[in-house]
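Novice: Handing you this structure, nothing more for now.
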Amino acid sequence: MSDRTSMLAQPMRPPTAGRVGACLGSFVLGALVGLAGALVQPGWFPGGLLLALAGEAGAVLGATRVLRGRAGGVSVAAGWMLSVVLLTASRPEGDFLFAAGSGSYLFLLGGIAVAVICATLAPGRQPEGDSVRLAK
């Protein structure tokens with residue numbers, strides 16, 4: 001076996017404290033993006049919905065770039081989903097944030113689709129350095 005092993009053959013390293021903190025920060029960012037999107041999308045229907053979904057896509061892709069892996073995107077998506085699910089629940093007084101309309105359902109289903117697409121299609125962790133290139 002050569003000294004050029006693939007990333008899959010290398011042993012897993014435990015996550016560092018900085019990486020865990022960045023994932024927690026990404027989770028909070030996702031929750032805030034979900035809250036902002038829930039408030040923006042009904043106010044200005046087609047534009048607000050597109051703005052909310054674009055904000056979520058930007059947060060997911062941005063977190064994958066910053067953390068150089070899919071863990072950032074998944075943590076943003078998890079924060080978004082948790083905040084949106086908690087906002088869909090009605091209170092005992094009868095107050096609710098999401099009305100039963102097409103815009104709300106498009107925001108919920110479109111947001112889940114955008115999160116999954118952006119988290120899976122974003123580039124994963126890549127080995128660094130010149131020795132990992134195939135031509136060398």
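The values are calculated or read from the model by the stated rules, or taken from the named source; none is laboratory data. Predicted model, so just to flag it, every value in this text is computed and none were measured. Using ideal geometry, Cβ is built from the backbone for each residue, glycine included, and neighbour counts are taken over all protein chains shown.
Novice: Give the residue, chosen from 79, 73, 55, that is under 11 Å from residue 34 (Cβ atoms), touching a Leu at 6+ places or on another chain (Cβ under 8 Å) and part of a helix (DSSP H, G or I).
Specialist: Checking each option against the conditions leaves just 79.
Novice: Filtering region 30-46 down to residues that are modelled with pLDDT of 90 or more and farther than 15 Å from residue 114 by Cβ, which residue is farthest from the chain's Cα centre (by Cα)?
Specialist: It comes out as 35.
Novice: Out of contact with any Asp or Glu (no Cβ under 8 Å at 6 or more places or on another chain), surrounded by fewer than 11 Cβ atoms within 10 Å (Cβ to Cβ) and at pLDDT below 75: is that true of residue 125 in this structure? Please lay out each step first, then the result.
Specialist: Working: out of contact with any Asp or Glu (no Cβ under 8 Å at 6 or more places or on another chain): yes; surrounded by fewer than 11 Cβ atoms within 10 Å (Cβ to Cβ): no; at pLDDT below 75: yes.
No.
Novice: Further question on the same structure: Here is a list: 85, 20. Which entry is out of contact with any Gly (no Cβ under 7 Å at 6 or more places or on another chain), within 18 Å of residue 103 (Cα to Cα), part of a helix (DSSP H, G or I) and among the β-branched types (Val, Ile, Thr)?
Specialist: On the way: 20 fails: within 18 Å of residue 103 (Cα to Cα).
Answer to the check: 85.
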